[in-house]
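Heads up, the thing below is written out as structure tokens.
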Amino acid sequence: MALLLLSLVIGAAWACGGSTDTPNPTATTAPAEAPDPTETPADTEEPDAAPPATSTRDWNVLGSRDALVTVLEYNDFQCPSCRRWALGTAQEIRSAYLDDGRVKMEYRHYAVVGADSPIMAQGAECAGEQGAFWEYHDSVFQNRTGVQGRTGVKVRGGSLVLDRPQFNACMDNGTYRHIVDGDLAQAKEYGVTTEPTIFILSGDQMTKFVGAPAFDVVSAVIDEYLDTAY
């Protein structure tokens, strides 16, 4: 058992720039530029407590705030496994469940992979201030080239918003650094130790995935929770 745990920790360090707190055992087998969430099984855990299903802000939520089920993700824009989740399973959930208002998705920051992680996270919030959080989210995960440092984030984010000077000022002033730091502190409070970590929440029901689960695994939990919500 000790050897197994050691090998999982080493796998996680390779996948997400040295973050070794929680295993991501298959990240070494999936290329960063060819996301395929079915190749990245995730461990399922039953947490002692769940994060609140309602965000302190609106722009990082997709779907109805009154949804019966929340898919809550703690992610880092620099993590390859987060990219696989964002471009794979998360897109399938958005297509399959969000239209009828029963499921919502929420993104929170676990910006720990590198020095650029909190800067890129702040870029998402500054874009969100102008209604472009998810446009920034999708753009960065689809192509992170050039999104390095504050200047790179300004270039990418500034191309997605209506008011570029406002975006630049938001970045320069660190307007949402407290949000990024707060998400990280909250994540640690609820037992998040690696990225991505996914919570499926509905009332007092919760399931926690460590890693990037495949769509069929997540949808089975969502469907179960929807069935019991009525």
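One table, with the values for the structure above:
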quantity: Extreme residue, nearest to I222 (Cα to Cα), among residues of region 63-90 that are among the polar types (S, T, N, Q) and more than 8 Å from the chain's Cα centre (by Cα); calculated: T70
quantity: Candidates R164, R150, R156, R177, filtered to the one that is charged (D, E, K, R), over 15 Å from the mean Cα position of the chain (by Cα) and closer than 13 Å to A111 by Cβ; calculated: R177
quantity: Residue check for Q186: of a type outside the set (F, W, Y) and touching a residue at least 60 places away in the same chain (Cβ under 8 Å); calculated: yes
quantity: Every residue from region 59-91 that is in a loop (DSSP other than H, G, I, E, B) and either among the aliphatic types (A, V, I, L, M) or within 13 Å of E106 (Cα to Cα) (or both); calculated: W59, N60, G63, S64, R65, D66, A67, L68
quantity: Of the criteria (1) modelled with pLDDT of 95 or more; (2) of a type outside the set (A, V, I, L, M, F, W, C); (3) part of a helix (DSSP H, G or I); (4) surrounded by fewer than 18 Cβ atoms within 10 Å (Cβ to Cβ), which one Q186 fails; calculated: (1)
quantity: Residue tally, condition buried (at least 19 other Cβ atoms within 10 Å of the Cβ) and either farther than 16 Å from S117 by Cα or among the polar types (S, T, N, Q) (or both), over region 140-167; calculated: 3
quantity: One residue from M171, M206 being over 15 Å from the mean Cα position of the chain (by Cα), more than 25 Å from A115 (Cβ to Cβ) and not in a loop (DSSP other than H, G, I, E, B); calculated: M206
quantity: Verdict on R84 being farther than 17 Å from F141 by Cβ and either at pLDDT below 95 or not polar (S, T, N, Q) (or both); calculated: no
quantity: Residue pairs meeting the criteria (Cβ under 8 Å; at least 6 apart or on separate chains; first at positive phi, in region 142-157; second outside any helix (DSSP H, G or I) and at pLDDT 95 or above); calculated: G149/D116
quantity: Condition check for G131: not in a helix (DSSP H, G or I) and not aliphatic (A, V, I, L, M); calculated: yes
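The values are calculated or read from the model by the stated rules, or taken from the named source; none is laboratory data. Just so you know, these numbers come straight off a predicted model, no measurement behind them. In this analysis, Cβ positions are derived from the backbone assuming ideal geometry, glycine residues included, and neighbour counts consider all displayed protein chains.
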